[in-house]
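Here is the structure we will look at.
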Amino acid sequence: MREEHSGTVASSMGSAAPEARFCTNPGATTPQLPIWAAVQDDTAGATFRLRTETWRQPTQLQAALLAGEGDFWLGHTEGFARARALGAPVVLVAVTGWRKMSVVSFDAAVVTPADLLDRTLPYAPKGSPAVPLLRSLLGAEAERVAFEPLDGKQIAMLLAQHKIDSALLPEPLVSTMLAKLPDLHLSFLLEDAYASRNQGRARIPWAGLAVNERLLQVYPERVAALVAAMHTAAGRLNVDLDAAVKVLPPEFADTVSPAAVRASLDRDLILVEDAAVVRDELRTYLELAAPEAFAEGGAWFDQGFLWDGMQSSD
């Protein structure tokens, strides 16, 4: 894990708040908006001071999880699930990323997953949880799509040069590319396709905030206070999306422009749900995205993976 910012980002917090290592990706914008808003609002020091460390590829985060490196992690829920199934001290406290994955294409005829058949589909990031989800939507026809893992910069360059026709991307990279390439279309959001197939809500519990089990044992009240503050912050951020963008650390603008973050909020959700509250929704998704984690049963899922805030704050 590479440390990006050695100082305390939430400098407005009281000195009584303990420092905690927050491992995050600057490109994962919407899922961490409520976190930053919460700590910036915490002038009483009831939660934590966050010292940020960054991960760039899911494999980096997975290595940190398995080693128990860090106090808080922002990442994909399926990555947290895989790590927990292997014995990592990872507890998912909240889901904060819900509408993040889309297919974009220069071909206006691509409007559903079935329209991708017999095509090559580059995707980012490598190890994206959107791939197994899209495969599940395609069912037996999934083998007719050639999924090609690339990094975001490669896909951006290839799209700009019209060397690829379509791509599967996360927000805010989707918004960045749509702004740069007027002839690029937003074909469909995976969440909408998922809802159509399952007759459910157009959201998927892609990402969220996890905490190291050791920290949770020492500071359960502070973790509960942080999650409660995230709920409050999400409500405030939804009232003024233009202001919401400004809660991200200014250093993150080097990775994603504020304009792209704001554009992504027209499709994304700023929403915090306690992990235990969306237990069934999470399990349904994780059994699709990380089936190998359930190969020997789901004891890891039912025993300690999802934080129950009500119990922890008693």
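Yes/no matrix, rows are residues, columns are (1) touching a strand residue (DSSP E or B) at 6+ places or on another chain (Cβ under 8 Å); (2) closer than 27 Å to Pro89 by Cα:
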site	(1), (2)
Ala202	yes, no
Tyr219	no, yes
Ala228	no, yes
Ala244	no, no
Asp266	no, no
Val277	no, yes
Thr284	no, yes
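Name every residue in the stretch 31-88 that is polar (S, T, N, Q), surrounded by fewer than 20 Cβ atoms within 10 Å (Cβ to Cβ) and in a helix (DSSP H, G or I), in order of residue number. First the steps, then the outcome.
Within the stretch 31-88, the subset polar (S, T, N, Q) is 32, 40, 43, 47, 52, 54, 57, 59-60, 62, 77.
After this cut, where a residue has to be surrounded by fewer than 20 Cβ atoms within 10 Å (Cβ to Cβ) as well, the list is 40, 43, 57, 59-60.
Once the filter is applied, which keeps residues that are polar (S, T, N, Q), surrounded by fewer than 20 Cβ atoms within 10 Å (Cβ to Cβ) and in a helix (DSSP H, G or I), the stretch 31-88 yields Gln40, Thr59, Gln60.
Filter the stretch 259-310 down to the residues that are in a loop (DSSP other than H, G, I, E, B), closer than 19 Å to Pro132 by Cα and within 18 Å of the chain's Cα centre (by Cα) and list them by number.
Ala290, the sole residue that qualifies.
Out of everything in the stretch 86-126 that is of a type outside the set (Val, Ile, Thr) and touching a Gly at 6+ places or on another chain (Cβ under 8 Å), what residue ends up being modelled with the lowest pLDDT? Before the answer, list the steps.
Pass one, the stretch 86-126, residues of a type outside the set (Val, Ile, Thr): 86-89, 92, 94, 97-102, 105-109, 113-119, 121-126.
Checking which are touching a Gly at 6+ places or on another chain (Cβ under 8 Å) leaves us with 88-89, 92, 94, 97, 124-125.
Values: Ala88: 97, Pro89: 98, Leu92: 98, Ala94: 98, Gly97: 97, Ala124: 95, Pro125: 91.
Taking the candidates together, the pick is Pro125.
Return a yes/no flag: does the stretch 156-163 have any residue that is in contact (Cβ under 8 Å) with a residue 40 or more places away in the chain and not assigned by TED's automatic domain parsing to the domain that holds Thr29.
Going through the stretch 156-163, the residues in contact (Cβ under 8 Å) with a residue 40 or more places away in the chain turn out to be 159, 162.
From what's left, not assigned by TED's automatic domain parsing to the domain that holds Thr29: 159, 162.
Within the stretch 156-163 (the criterion being in contact (Cβ under 8 Å) with a residue 40 or more places away in the chain and not assigned by TED's automatic domain parsing to the domain that holds Thr29), the answer is yes, since at least one residue qualifies.
Output the residues belonging to the stretch 244-258 that are part of a loop (DSSP other than H, G, I, E, B) and of a type outside the set (Ser, Thr, Tyr). Before you say what the answer is, go through the steps one by one.
Step one: list which residues in the stretch 244-258 are part of a loop (DSSP other than H, G, I, E, B), which gives 248-249, 255-257.
Within the stretch 244-258, Leu248, Pro249, Val256 qualify.
Among the listed residues Glu143, Glu171, identify the single one that is among the acidic types (Asp, Glu), outside the structural domain of Ala260 (by TED's automatic domain parsing) and within 23 Å of the chain's Cα centre (by Cα).
Unique residue meeting the criteria: Glu171.
Residues in the stretch 148-164 that are surrounded by fewer than 18 Cβ atoms within 10 Å (Cβ to Cβ) and touching a Phe, Trp or Tyr at 6+ places or on another chain (Cβ under 9 Å): how many?
Within the stretch 148-164, residues that are surrounded by fewer than 18 Cβ atoms within 10 Å (Cβ to Cβ) and touching a Phe, Trp or Tyr at 6+ places or on another chain (Cβ under 9 Å) number 4.
Pull up the stretch 191-210, narrow it to residues that are in contact with a Leu (Cβ under 8 Å, 6 or more places away or on another chain) and farther than 19 Å from Leu271 by Cβ, then point me to the one that is modelled with the lowest pLDDT.
This residue is Arg197.
Test of understanding: among Ala207, Ala228, Ala224, Ala167, which residue is among the small types (Gly, Ala, Ser), more than 25 Å from Arg82 (Cα to Cα) and surrounded by 19 or more Cβ atoms within 10 Å (Cβ to Cβ)?
Only one candidate passes the filter, namely Ala167.
Would you check which residues across the stretch 89-130 are among the aromatic types (Phe, Trp, Tyr) and surrounded by fewer than 19 Cβ atoms within 10 Å (Cβ to Cβ) and list them?
Within the stretch 89-130, Phe106 is the sole residue that qualifies.
Pull up the stretch 231-263, narrow it to residues that are more than 21 Å from Thr54 (Cβ to Cβ) and of a type in the set (Lys, Arg), then point me to the one that is surrounded by the fewest Cβ atoms within 10 Å (Cβ to Cβ).
Per the stated criteria, the residue is Arg236.
The values are calculated or read from the model by the stated rules, or taken from the named source; none is laboratory data. Bear in mind that the values here come from a model prediction, so they are computed numbers and not experimental data. Glycine also receives a Cβ, built like all others from the backbone with ideal geometry; neighbour counts cover every protein chain displayed.
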